[in-house]
Each structure stands twice: as C-alpha cells, then as structure tokens.
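Laboratory data are not the source of any read-out in this text; all were calculated from the coordinates shown. The structure displayed is predicted, hence computed values, not measured ones. Cβ atoms come from the backbone with ideal geometry, glycine included; neighbour counts cover every protein chain shown.
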Amino acid sequence: MVAGLKPNTNYTFCGYVKGQPANIGVKEFGGTEVTATTTNTAYTFTYVKFTTGATNTTAKLCFYRWANNAGEAYGDDFTIYETPIVPNGDFE
C-alpha cells in the first residue's frame, strides 16, 4: 500500500520484471484495477498508468505470478511517480 497520493491525479507505477508470466498492477485507488503482464525471460520495463479517485490518497501496488502458472517471476527497481500532463496544443 502506498499513501500520500493526491486525489484526481495521474500516476505511473513501473519497474523491471521478467517471468512466465509476471504481472504488475494497481488497485484500490478509486478506479478500475489496472494490470500489465510480461512473459519475457529477460528483465523488461513494464508499467501501468492510473488516476486516483476524487477522495483517494492511497493505492495498493502489486507484483505477482498466478499460482497456477509453473514459471517463476522476478521484479526490480519499482517506482511510482506523478505523471505530468503535457498539453497537445497545436502539435500536428
């Protein structure tokens, strides 16, 4: 569980994972659970983006492998950061 998040704010949770398969995700932040999966045998940069709810200041960060999968999963260098919004303006 991570605390101290800002309500109605965009975040990215990321790290390097490998596995068969390996999953990262975020839940209990005021929105629908988000997940990303990799089946790479080498460490792969993997991320999920989410937006906290109107009153949410916490989120549950997850790294896991499903129990019914025979392979192993590894993770390293996980971080969470506020995702800046870059206005598109007149970019074409």
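Within the range 52-64, residues that are over 15 Å from Thr32 (Cβ atoms) sit with their Cβ atoms under 6 Å from residues that are part of a strand (DSSP E or B), at 6+ positions apart or across chains, in these pairs: Thr58/Ala3; Leu61/Val2; Leu61/Phe13; Leu61/Val26; Phe63/Ile24; Phe63/Gly75; Tyr64/Asn23.
Within the range 2-20, residues that are farther than 20 Å from Ala36 by Cα sit with their Cβ atoms under 8 Å from residues that are hydrophobic (A, V, I, L, M, F, W, C) and assigned to a strand (DSSP E or B), at 6+ positions apart or across chains, in these pairs: Leu5/Ala59. Taken over the range 13-43, the criterion of being polar (S, T, N, Q) and surrounded by fewer than 19 Cβ atoms within 10 Å (Cβ to Cβ) is satisfied by Gln20, Thr32, Thr35, Thr37, Thr39, Asn40, Thr41. Checking the stated criteria, Phe29 turns out not to satisfy the condition of being free of Cβ contacts under 8 Å to residues at least 60 places away in the same chain and assigned to a strand (DSSP E or B).
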